Amino acid sequence: MQAQREAPPDMQCRDKFLVQSAVVSQDISPKDINGDMFTKESGNVVDEVKLQVVYAPPSKPTSVNEGSDQESLGSWSYQEVKS
């Protein structure tokens, strides 16, 4: 992913993030995690939440963050999308 330099003129965005979580056994190691664990067809318990990107205007004038090369484009929040 790459940071967006400018907000769209109409402040509208269709981007969404799909966040998935799956029930796994307690003794699983991170190297054993794979895409098959997130398929419901395999009988796995998978929860999904879609988060829609919403642009918000900055609360103060755009400035450079201390210790950072990136400019602040405003605040962020999330909104759950009902499927």
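The values are calculated or read from the model by the stated rules, or taken from the named source; none is laboratory data. Since the structure is predicted, the reported quantities are computational estimates derived from the model, not experimental observations. Note: ideal-geometry Cβ built from the backbone for every residue, glycine included; neighbour counts use all protein chains shown.
A few remarks follow.
- For GLU41: the one exception among (1) touching a strand residue (DSSP E or B) at 6+ places or on another chain (Cβ under 7 Å); (2) in a helix (DSSP H, G or I); (3) not basic (Lys, Arg): (1)
- Close contacts from region 32-43, counting a first residue that is of a type in the set (D, E, K, R) and a second that is at pLDDT 90 or above, with Cβ to Cβ under 6 Å and a gap of 6+ residues or different chains, come to LYS40/VAL46.
- Criterion: β-branched (Val, Ile, Thr) and within 30 Å of ARG5 (Cβ to Cβ) - qualifying residue of VAL45, VAL49, VAL24: VAL49
- Contact map, region 46-65: first residue at negative phi, second residue modelled with pLDDT of 80 or more and small (Gly, Ala, Ser), Cβ cut-off under 9 Å, separation 6 or more or different chains; pairs are VAL46/SER21; VAL46/ALA22; ASP47/SER21; ASP47/ALA22; GLU48/SER21; VAL49/SER21.
- Where MET37 falls short, out of the listed (1) over 30 Å from ALA56 (Cβ atoms); (2) in contact with a helix residue (DSSP H, G or I) (Cβ under 9 Å, 6 or more places away or on another chain); (3) not small (Gly, Ala, Ser): (2)
Matching residues to (1) modelled with pLDDT of 90 or more; (2) surrounded by 11 or more Cβ atoms within 10 Å (Cβ to Cβ):
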site: ASP10; (1), (2): no, no
site: ARG14; (1), (2): no, no
site: SER21; (1), (2): yes, yes
site: ASP27; (1), (2): yes, no
site: ASP32; (1), (2): yes, no
site: LYS50; (1), (2): yes, yes
site: SER59; (1), (2): no, no
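- Scope region 8-27; condition in a loop (DSSP other than H, G, I, E, B) and under 15 Å from GLN52 (Cα atoms); matching residues: MET11, GLN12, CYS13, ARG14, ASP15
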